[in-house]
Amino acid sequence: MSKVIDHIKNAQSTLFSFEILPPSMGESIHKLFDNISPLMEFKPKFIDVTYHREEFVDKKMPSGLLERKSVRKRPGTVSICAALMHKFDVDTVPHIICGGFTKEETEYALIDLNFLGIDNVLALRGDPIKGQPQFQPTHGGHHYASELVTQIKNMNQGTYLSEELQNPTPTKFCVGVAGYPEKHFEAPSMGSDLKHLKQKIQNGADYIVTQMFFDNKKFFEFEKRCRAEGIHVPIIPGLKPLTSKSQLTNLARHFYIDMPEDLVEAVEKCKTDEEVKRVGIEWSIQQSRELIKDKVPCLHFYSMGKSTSIQEIAASLF
Ligand SMILES: Cc1cc2nc3c(=O)[nH]c(=O)nc-3n(C[C@H](O)[C@H](O)[C@H](O)COP(=O)(O)OP(=O)(O)OC[C@H]3O[C@@H](n4cnc5c(N)ncnc54)[C@H](O)[C@@H]3O)c2cc1C
């Protein structure tokens, strides 16, 4: 299998990739296969699979008392990557996060990925868990994605956590990291966020994938500032076609992004979600065309469990 960075190096034109979520607990993987099968026609070079850490829910016990339980609503990231590679012969990029993992557990997870022949990971910190105002690193785990990048790159050099290993086999992960054209929500300024982004690259990250954005100007400005900061790795824009009116506010709130006025006005005029979907598709196509003209290395689509819009967009672009 190949590394994302090699796909980019070997490309003659802008590539296509997308991101999926593992099925909700109890759902069949076949639903996921059916959902993404039509997208395979457009030859994605890689598919990202998100990672969802545990959440805490209060469950009422027969005694009437509440018991706090830890649940994982979308397990299966690694096995889905292996299943996709097997079924579609496509490269996969599992997301790996700091939250919920000690360094040792991270090492075990990376060993599993390495043994499965997965050569790519997206290294992330993860969000604070519900109810916590700030991200709390796991005891013995990493605080920032930059530290996770260092651990992965150390393994690529054959440096594992235990110093007693005799000639440990180097791994060969290509490492992606997240970038935020509209700034990460916790960063006090864009300048500070870019300084930390640069740290991830200095620690060895090979490429950046951006948070979704709906205004290309934000991406171009971000790209320019990254280059001015001395960040020279490929920057892959992340795109999300709108599919419902409620996403206007939900995505803005959840991802700390601004919706352009023209898009808001067009969506507000829609009477049904089918109409919103058409607006979302057209908007994404226009964004994509402009980004392709700018020679971005790849267009990365957030499917969030829905692929029909991405299918239409890909059909008109690739
Ligand atoms: C493309 C993409 C995919 C994602 N996939 C997932 C997923 O699968 N699962 C999931 O749980 N979440 C995912 N997320 C969400 C991500 O985990 C959150 O946005 C998280 O809050 C930050 O992650 P990060 O890797 O950007 O963190 P970091 O790069 O560690 O940065 C987090 C914050 O800390 C600041 N910072 C960094 N280093 C330092 C330092 N040394 N000192 C002080 N401040 C510092 C940064 O400026 C930023 O504000 C994804 C996000 C993106 C953009």
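The values are calculated or read from the model by the stated rules, or taken from the named source; none is laboratory data. Nothing here was measured: the structure is a model prediction, and the numbers come from that model. Positions of Cβ are backbone-derived with ideal geometry, glycine not excepted, and every protein chain shown enters the neighbour counts. Remember, those area values only see protein heavy atoms, side chains included, never the ligands or the DNA or RNA. Shrake-Rupley method; radii C 1.70, N 1.55, O 1.52, S 1.80 Å.
Would you work out what percent of the accessible area of the chain, with all protein chains in place, is carbon or sulfur (probe 1.4 Å)? Each step should come with its number before you reach the end.
Working: 8150 of 16080 Å².
Carbon plus sulfur share of accessible area: 51 percent.
Per residue, the solvent-accessible area of the stretch 246-307 (1.4 Å probe, heavy atoms of protein chains only, all protein chains present) comes to 57 Å².
In sequence order, the stretch 172-187 has phi-based couplings of 9, 6, 8, 10, x, 9, 8, x, 10, x, 10, 6, 5, 4, 8, 5 Hz under the Karplus curve 6.51 cos²θ - 1.76 cosθ + 1.60, θ = phi - 60°, and Gly or Pro positions carry x.
Sparse packing (at most 13 other Cβ atoms within 10 Å of the Cβ) combined with a DSSP loop state is found for the following trypsin sites (Lys or Arg not before Pro) in the stretch 106-211: 130, 172. If you look at the Cα atoms of the stretch 79-158, you get an Rg and a Dmax of 13.6, 41 Å. State the Cα centre-to-centre distance between the stretch 1-29 and the stretch 112-135 in whole Å. Spelled out, the Cα-based centre of one part sits 16 Å from the other. The alpha carbon centroids of the stretch 139-169 and the stretch 191-250 are separated by 26 Å.
Could you tell me which trypsin sites (Lys or Arg not before Pro) in the stretch 220-318 are loop residues by DSSP with no more than 16 other beta carbons within 10 angstrom of their beta carbon? Mind dumping the intermediate values first?
Working: sites: 224, 225, 227, 245, 253, 269, 271, 277, 278, 289, 293, 295, 306; in loops: 245, 269, 271, 295, 306.
Taking the stretch 220-318 and a limit of 16 other Cβ atoms within 10 Å, the loop trypsin sites (Lys or Arg not before Pro) found are 269, 271, 295, 306.
Can you tell me what share of the DSSP beta bridges in the stretch 44-150 is antiparallel? A percent to the nearest 5 is fine. Among the beta bridges of the stretch 44-150, antiparallel pairing accounts for roughly 45 percent. Here's the list of lysines a cross-link from residue 217 could span, going by alpha-carbon distance under 22 Å and ignoring same-chain residues fewer than 8 apart: 183, 195, 198, 240, 293, 295.
When the charge dipole of the stretch 33-155 is built from unit charges on Cβ atoms (+1 for Lys and Arg, -1 for Asp and Glu) and taken about the Cα centre, the candidate among 36, 131, 81 whose Cα reaches farthest toward its positive end is 131.
Would you mind checking the stretch 261-277 for residues with the amide N under 15 Å from a putative spin-label position 7 Å along Cα→C-beta of residue 250? It comes to 273-274, 276-277, nothing else.
Let's see if you can work this out: charge +1 on each Lys and Arg Cβ, -1 on each Asp and Glu Cβ, no other charges. What is the dipole magnitude of the chain about its Cα centre, in debye to the nearest 20? About 180 debye. Heavy atoms of the protein chains alone define the surface here; on that basis the stretch 149-230 has 48 Å² accessible area per residue at 1.4 Å probe size. Calculated [222 nm] ellipticity per residue, helices only, for the chain: -13000 deg cm²/dmol; basis is -39500 (n - 2.57) per DSSP H run with n ≥ 4, divided by all residues, nearest 500.
Indicate, rounded to the nearest 5 percent, the antiparallel portion of the DSSP beta bridges found entirely in the chain.
Values: 6 of 35 bridges.
Once the DSSP bridges in the chain are tallied, antiparallel ones form about 15 percent.
Pairs of Lys residues in the stretch 1-144 that lie 8 or more places apart, or on two chains, and have C-alpha atoms under 17 angstrom apart add up to 14.
Taking only the alpha-carbon atoms of the chain, what semi-axes of the equivalent ellipsoid follow from 5 times the gyration tensor eigenvalues under a square root, in whole Å, largest first?
Working: eigenvalues 177, 127, 91 Å².
With the √(5λ) rule applied to the chain, the semi-axes are 30, 25, 21 Å.
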